[in-house]
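The values are calculated or read from the model by the stated rules, or taken from the named source; none is laboratory data. All values reported here derive from a predicted model rather than from experimental measurement. Cβ: placed from backbone, ideal geometry, glycine included. Neighbour counts: every protein chain shown. To get the accessible areas, we keep the full protein, side chains included, count just its heavy atoms, and leave off ligands, DNA and RNA. Shrake-Rupley method; radii C 1.70, N 1.55, O 1.52, S 1.80 Å.
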Amino acid sequence: MDIPKIRKIVLVLCTAMIAVPLLFSATMYASAWYCRIQAQRLLACVRSLQPGITTEAESHRLLRPVQGHLHWGRRVTSERPFVVTEEYQVANSPSWMNFVFMHTPDPLRGVIGGHLMLDGAMFAVLQEFKSGILSKLYVYETSDGVGHPFSAHATIYGHHATDDVPQWSDRREFNGYLVNSMPLIADTEGRPLARLVLFREDVFVDERGTVEQRRKALDFHLECLTAIRGCHDASLILQPEPNP
């Protein structure tokens, strides 16, 4: 084989090694933006739901525009009274893309995973219906981190929920609104952090909560779905009203 042909083969291989990771990254980022747009549509629909008032039929009508673009599941308990649970979920990394990534040759996978791949993130909504009325709305967003995900969770009840809300020893009695923030104490090597970082934020609101508390409990920031390095702080995902 002469030298010009060898050079041509080498050039083609080098071009492929550069183009394939970039194409994969571009496809992944475009997919993440599509997921973020769908998550924004889902969140906009969810903000119009009213636990304790919205019926199951009305919820289906409000969420119908996004059902075909999300993972959706439904289950019914076998005990009376029947409880219907529905979940809507969107992730920034579809399963087929994860499959392709896991079957990519090791050198390319190292480059893509280390420098070009988005951190995994997900947004989900779970509804619980009792007697045809929305009794509980649970919304959460997660962003992968080193060792554990960072996440924010909001639970809104359509009734007095004193017995349903977890109690923490350092919190007063739940009176309709409660925020529980879990700080990250140290980094993965055990060193203290220079600033406060939350790895989980939980918000609970029942019918006694104010309009502003409910609004901010659902004010999720969906930029994490398209952030290159994700959101390694739960306060970047949700900033609820502080405890009264």
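Filter the stretch 44-61 down to the residues that are touching a residue at least 60 places away in the same chain (Cβ under 8 Å) and assigned to a helix (DSSP H, G or I), then identify the one that is farthest from Tyr138 (Cα to Cα).
Checked the stretch 44-61; the qualifying residue farthest from Tyr138 (Cα to Cα) is Ala57.
Among the residues of the stretch 168-197, which ones are open to solvent by less than 100 Å² (accessible area, probe 1.4 Å) and either modelled with pLDDT under 80 or of a type in the set (S, T, N, Q) (or both)?
Across the stretch 168-197, the qualifying residues are Trp168, Arg171, Arg172, Asn175, Asn180, Ser181, Ala186, Asp187, Gly190, Leu193.
May I ask you to list the residues in the stretch 225-239 that are part of a loop (DSSP other than H, G, I, E, B), within 16 Å of Ala32 (Cβ to Cβ) and open to solvent by less than 40 Å² (accessible area, probe 1.4 Å)?
Thr226, Ala227, Gly230, Cys231, Ile237
Would you confirm, using the coordinates I've provided, whether Phe150 is more than 27 Å from Cys231 (Cα to Cα) and either at pLDDT below 75 or surrounded by 14 or more Cβ atoms within 10 Å (Cβ to Cβ) (or both)?
No; evaluated as a whole, the condition is false for this residue.
Read through the list (1) of a type outside the set (Gly, Ala, Ser); (2) surrounded by fewer than 16 Cβ atoms within 10 Å (Cβ to Cβ); (3) within 15 Å of Asp144 (Cβ to Cβ); (4) at pLDDT 90 or above, then give the number of the only condition that Arg61 fails.
Here Arg61 meets the rest and fails (3).
Can you name the residue in the stretch 206-222 that is over 13 Å from Ala152 (Cβ atoms) and not polar (S, T, N, Q) and is also least open to solvent (accessible area, probe 1.4 Å) among such residues?
Asp206
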